[in-house]
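Notes follow once the structure below has been shown.
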Amino acid sequence: MTAKEQEIVNAGDVNTPFRVLQTDNIDDSLFLRKKSINIDIKNIAEDVHWQLFIQRLKRTMEMEFGVGIAAPQVGVGCNLFLFTRIDKPGLPVVVAVNPKIVDHSQETICFEGDGCLSIPNTSGTSRRYAWIDVEYYNEKGEFIKERLSGSSRKGDFTGIVFQHEFDHLHGVLFTDKLCD
Ligand SMILES: [Zn+2]
């Protein structure tokens, strides 16, 4: 993290949400287009700084009623996001650090009702993979490899949330991926 990013993280306690960057603000929109960098995951479980960041990010997502949120959306250009397991009971929120999509379906689908906490008053239909094989580390530094799928807002769409948040780490927004 840069000094400025550390300042953002340390400006509140675990219950303080971050300000979410918005595309209708010029400085915010430039930051949202930047590529994020990998995190040194060694000792992440004991690192109070990263744990504070994760807690505040969770709080932010909760307050904004999101199903996912990526670090760059709060001004931290690091490869980390949260996604909701819509495919699991109780809808647990999972932390993905240094995530990768290592394989995906050939087939793409049009996902209706995509939206973003950083893009005010906009929703649309985005082109997505039907399933993805992913690798990431969780907040304890454990390595996870799994297949995520789901393509409908009416049922499971965990794989779509992962793809949406993953794109944020590359400066890509759902409005870049609209069907037709
Ligand atoms: Zn988004």
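Quick check: anything in the stretch 25-32 outside any strand (DSSP E or B), under 14 Å from S118 (Cβ atoms), touching a residue at least 60 places away in the same chain (Cβ under 8 Å) and small (G, A, S)? Quick ask: steps written out before the conclusion?
Within the stretch 25-32, the subset outside any strand (DSSP E or B) is 25-32.
Then keep just the ones that are under 14 Å from S118 (Cβ atoms); that gives 25-32.
Narrowing further to those that are touching a residue at least 60 places away in the same chain (Cβ under 8 Å): 28, 32.
Still in the running and small (G, A, S): none.
Within the stretch 25-32 (the criterion being outside any strand (DSSP E or B), under 14 Å from S118 (Cβ atoms), touching a residue at least 60 places away in the same chain (Cβ under 8 Å) and small (G, A, S)), the answer is no, since none of the residues qualifies.
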Open item on the list: Only one of L148, L80 is more than 15 Å from the ligand (Cβ to nearest atom), touching a residue at least 12 places away in the same chain (Cβ under 8 Å) and buried (at least 22 other Cβ atoms within 10 Å of the Cβ). Can you tell me which?
Closed with: L148
- [ ] Consider only pairs whose beta carbons are under 7 Å apart and that are at least six residues apart or on different chains; among these, list those whose first residue lies in the stretch 93-122 and is at negative phi and among the small types (G, A, S) and whose second residue is assigned to a strand (DSSP E or B) and open to solvent by 50 Å² or more (accessible area, probe 1.4 Å).
- [x] S105/Y129; S105/W131; G115/S123
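So, in the stretch 138-160, of the ones that are more than 13 Å from D114 (Cα to Cα) and polar (S, T, N, Q), which residue ends up modelled with the lowest pLDDT? Walk me through it before giving the result.
Pass one, the stretch 138-160, residues more than 13 Å from D114 (Cα to Cα): 138-150, 155-156.
Okay, now just the ones that are also polar (S, T, N, Q), so 138, 149.
Working: N138: 97, S149: 93.
In this case the residue turns out to be S149.
When the residues of the stretch 113-142 are filtered to those that are of a type in the set (D, E) and over 17 Å from L173 (Cβ atoms), which remaining residue is farthest from the ligand (Cβ to nearest atom)? Let's see the steps before the verdict.
So in the stretch 113-142, the residues of a type in the set (D, E) come out as 114, 133, 135, 139, 142.
Checking the rest, the ones that are also over 17 Å from L173 (Cβ atoms) come to 133, 135, 139, 142.
On the way: D133: 22, E135: 21, E139: 20, E142: 25 Å.
Selected residue: E142.
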Task: Output for the stretch 23-67, where each listed residue is among the hydroxyl-bearing types (S, T, Y), more than 21 Å from E135 (Cα to Cα) and buried (at least 16 other Cβ atoms within 10 Å of the Cβ) - done: T23, T60
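The values are calculated or read from the model by the stated rules, or taken from the named source; none is laboratory data. Just so we're clear, the structure is a prediction, and the values are computed from it rather than from any experiment. Cβ atoms come from the backbone with ideal geometry, glycine included; neighbour counts cover every protein chain shown. Protein only, heavy atoms only, side chains kept; ligands, DNA and RNA dropped before computing areas. Shrake-Rupley method; radii C 1.70, N 1.55, O 1.52, S 1.80 Å.
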